[in-house]
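A short write-up of the structure that comes next.
The values are calculated or read from the model by the stated rules, or taken from the named source; none is laboratory data. Not measured: the values here are computed from a predicted model. Neighbour counts are summed over all protein chains in view; Cβ atoms, including those assigned to glycine, are modelled from backbone coordinates with ideal geometry. Side chains are part of the model used for accessible areas, which takes the heavy atoms of the whole protein and leaves out ligands, DNA and RNA. Shrake-Rupley method; radii C 1.70, N 1.55, O 1.52, S 1.80 Å.
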Amino acid sequence: MLAAKSISASELMQAFVARTTAVEGRVHAFNSRDEVGALGLAAASDARRAAGQARGPLDGIPIGFKDVIAVEGQPLTASSKMLANFISPYDATVTTKLKAAGAIPWGRLNLDEFAMGSSTENSAFGATANPWDLTRVPGGSSGGSAAAVAAGEMPGALGSDTGGSIRQPAAFCGLVGLKPTYGLVSRYGLAAFASSLDQIGTLTRTVGDAAQLLQVVAGHDSRDSTSLSTVIPDYSAALQKKSRPWRIGVPKEFFGLGLDAEIGAAVQQALAFYRSAGAEITEVSLPLTAEYAIAVYYLIATAEASSNLARYDGIRYGHRTHSATDAISIYAQSRAEGFGEEVKRRIILGTHVLSSGYYDAYYLRAQKVRTLIRGEFMRVFQDCDVLLSPTTPTAAFKLGEKSSDPLAMYLNDIYTIGVNLAGLPGISLPCGFTAGGLPIGLQIIGQPFGEAEMLTIAHTYEQGHSWHTKYPNL
Amino acid sequence: MNSSAEINIEYVARLARLALTATEQAKLSQQLGDILHYVDKLKQVEVAGIEPMAHGSPVFNVWAADVVVAGLSVEEALRNAPEQRADSIVVPKVVE
């Protein structure tokens with residue numbers, strides 16, 4: 001539409017500003033936003049296009065940022081009191097790339113504090129509501145990103161996914177949520193939670209939009225030592241290809257006890273669609289993942305978090321207490337005042353499992369089981385191109401329903417967490433609605449750096465259905 | 001694996017440089033006890049001879065060229081400091 005000049009970037013930006021103003025009071029997806037700055041960038045985009053110098057399909061498109069991804073000169077709070085006044089001194093690599101493509105950074109989006117949570121209720125600045133049902137959670141931790149796109153406040157947003165934090169909110173909000181292979185997208189400028197699991201990805205309305213965003217943000221970056229040099233294919237072009245009859249594996253353990261019947265039925269219908277499209281469907285087994293992934297995850301993720309969050313000591317940046325004078329008390333008291341309950345819980349657990357006498361029994365053992373879990377996935381991939389499952393065992397739950405029971409909240413991540421442990425790509429896309437009108441997510445898990453095929457398979461489903469054209473009544 | 005009952009919240013909080021109230025300590029003891037009880041199931045897995053996996057991508061020993069690159073200016077680096085004076089971050093006295 002922008003290329004055809006049927007609408008200007010400025011008109012588009014004004015429309016999203018107006019929509020945001022209209023619905024944000026009910027949704028609360030943003031932590032902050034700079035309307036004047038965004039409109040200025042839109043005008044600059046229009047000037048480029050008028051001069052014949054448009055930078056590609058994203059030039060003039062507003063993109064939201066989860067409030068853990070740095071945009072120079074803008075706040076970065078991680079939804080924590082600890083960083084309530086922090087201003088990013090530089091751009092994340094994904095930000096640099098999106099700006100170079102002409103995209104307009106539009107807003108800082110709410111999350112569970114430091115990305116720790118599955119509901120966005122653990123935000124120091126208040127919970128975000130699910131646009132499909134304002135009494136329910138949008139999922140998390142990228143809940144602000146998901147709610148903002150679902151509510152029509154922006155066409156796409158970046159999130160981060162450590163155990164399902166993009167795919168689960170995408171499922172709860174009826175969106176496409178893409179978590180790339182570990183190492184495909186640079187983590188430079190992402191506030192670290194669990195560095196061996198964190199990966200930046202996208203929340204969009206369609207698979208095609210996800211492909212376009214991934215095209216821009218993917219690629220090697222020397223400032224992230226875990227970023228991999230790999231050839232980046234043309235993801236959008238790949239969507240149009242049908243390489244071969246796909247071999248789709250269905251992990252039988254992901255359809256067991258605890259799976260809501262409506263969600264199971266919707267995923268079975270998606271399987272029937274692929275079967276009729278010529279795919280070969282095989283039942284596969286991931287017994288170690290199903291039984292142990294959550295335990296492994298909560299040991300490794302909390303251990304890494306306790307180490308990563310040690311930097312918040314009240315000295316160089318972030319909150320500093322006024323009620324202590326010696327160094328150790330300043331650290332301990334600043335952290336006590338700056339961090340919320342879930343963050344404290346994970347720091348304590350992570351410190352415990354790394355401490356002398358417990359390291360081998362917990363952390364090292366978890367890392368070994370992680371090796372077995374990755375091996376289990378790689379064995380299954382010898383006979384399958386992708387795996388297909390529900391994204392979540394239930395649809396969006398009520399605000400407050402699980403916030404008092406951390407273990408119940410953790411168990412909600414059962415289908416997504418193995419993907420992070422194994423470093424695989426995963427995508428969630430809408431595959432129906434419950435009788436109560438809540439979106440249902442279908443998860444497709446790809447092979448390492450198999451984004452092109454995974455996106456193509458997702459796109460094929462999307463082309464045969466109309467779930468992605470539905471909007472919530474707000 | 002050590003029993004989950006052995007978590008000493010006061011000791012761990014001191015290691016983590018995190019001041020906790022008595023109420024927080026009591027709540028965390030109970031919740032972390034539940035979580036540690038849950039993760040105890042990893043004891044069932046045979047891991048003899050298995051290498052630990054540190055992260056999800058097969059890269060090791062990444063080196064960078066030893067060249068000077070531009071960084072933040074002093075002003076930019078100090079912009080988020082809670083207390084500063086004369087191009088420095090103000091810290092409490094640590095040497096008597």
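What does the buried accessible surface come to for A and B, summed over both chains, with the probe at 1.4 Å? Round to 100 Å². If you can, show how the numbers build up before the last one.
On the way: alone 17580 and 9460 Å², together 21810 Å².
Buried area between the two chains comes out at roughly 5200 Å².
The listed residues A:His352, A:His465 rank as A:His465, A:His352 when sorted by accessible area, largest first, using a 1.4 Å probe. Its DSSP H runs of at least 4 residues, each contributing -39,500 (n - 2.57), put the calculated 222 nm mean residue ellipticity of chain B at -9000 deg cm²/dmol, to the nearest 500.
Just flag the chymotrypsin sites (Phe, Trp or Tyr not before Pro) in chain B sitting in loop per DSSP whose Cβ has no more than 15 other Cβ atoms within 10 Å. Let's see the in-between values first.
Values: sites: B:Tyr11, B:Tyr38, B:Phe60, B:Trp63; in loops: B:Phe60, B:Trp63.
Passing both the DSSP loop test and the Cβ count: B:Phe60, B:Trp63.
Seen through its C-alpha gyration tensor, with square-root eigenvalues sorted a ≥ b ≥ c, segment A:172-234 comes out oblate because a/c lies at 1.5 or above while a/b is not bigger than b/c. Modelled spin labels at A:Thr21 and A:Ile328, positioned 7 Å past Cα toward Cβ, are 5.5 nm from each other. Compute the acute angle (0 to 90°) between the alpha-carbon long axis of helix B:22-39 and the principal axis of greatest extent of the alpha-carbon atoms of chain B; round to the nearest 10°. In chain B, helix B:22-39 runs at an angle near 60 degrees to the longest axis.
Let's test the formula: R0 of 45 Å, r as the Cβ-Cβ distance of A:Glu401 and A:Gln268. What FRET efficiency results, to the nearest 0.05?
Values: r = 26 Å, r/R0 = 0.59.
For A:Glu401 and A:Gln268, the calculated efficiency is 0.95.
Dipole size of segment B:4-44 about its Cα centre, with +1 on Lys/Arg Cβ and -1 on Asp/Glu Cβ: approximately 120 debye, rounded to the nearest 20.
In summary, the helical segments of chain A meeting the span-like criteria, namely a full DSSP H run, a Cα extent along the axis of 27 angstrom or more and a mean Kyte-Doolittle hydropathy of at least -0.5, are A:287-308.
With the simple model of a label 7 Å out from the Cα in the direction of the Cβ, A:Glu11 to A:Lys470 spans 3.1 nm. Going 7 Å from the Cα of A:Asn85 toward and past its Cβ, which residues in segment B:55-96 have a backbone nitrogen under 19 Å from where you end up? Of the residues in segment B:55-96, B:75-92 have backbone N under 19 Å from the label point off A:Asn85. The apolar share of the surface of the protein assembly as shown, taken as the fraction of accessible area on carbon and sulfur atoms (1.4 Å probe, ligands and nucleic acids excluded), comes to 53 percent.
Once the Cβ-Cβ distance of A:Thr135 and B:Ser73 is raised to the sixth power relative to R0 = 51 Å, the FRET efficiency obtained is 0.60.
For a paramagnetic label modelled at 7 Å from the Cα of B:Asp34 toward its Cβ, which residues of segment A:339-368 fall within the zone defined by backbone nitrogen distances under 15 Å? Only A:342, A:345-346 pass the distance filter.
For chain A, what is the mean residue ellipticity at 222 nm derived from helices alone (per DSSP H run of n ≥ 4: -39500 (n - 2.57); sum divided by total residues; nearest 500 deg cm²/dmol)?
Details: 15 runs with 178 residues, N = 474.
Using -39500 (n - 2.57) per qualifying helix, the result is -11500 deg cm²/dmol.
Prolate is the label for segment B:4-44, because the ratio a/c of its alpha-carbon gyration tensor axes (a ≥ b ≥ c) is 1.5 or higher and a/b is greater than b/c.
Using only Cα atoms, what is the ratio of the radius of gyration of segment A:130-232 to 2.2 N^0.38 Å? Walk me through the numbers before you get to the answer.
Working: Rg = 13.5 Å, N = 103, 2.2 N^0.38 = 12.8 Å.
Compactness ratio reported: 1.06.
Spin-label model, B:Arg85/A:Ala408: points 7 Å from Cα along the beta carbon direction are separated by 5.2 nm. Can you spot the aspartates and glutamates whose alpha carbon is less than 19 Å from A:Lys252's alpha carbon? Ignore those fewer than 8 places along the same chain. By straight Cα distance, A:Lys252 reaches A:Asp260, A:Glu262, A:Glu280, A:Glu283, A:Glu291, A:Glu376, A:Asp383, A:Asp385, A:Asp413.
Could you work out the relative contact order of segment A:1-151? I mean the mean sequence separation of Cα pairs under 8 Å and 6+ apart, divided by the number of residues, in percent. Reported relative contact order: 25 percent.
Other residues lying with their Cβ under 14 Å from the Cβ of A:Ala51 contribute a combined charge of +2, Lys and Arg counting +1, Asp and Glu -1.
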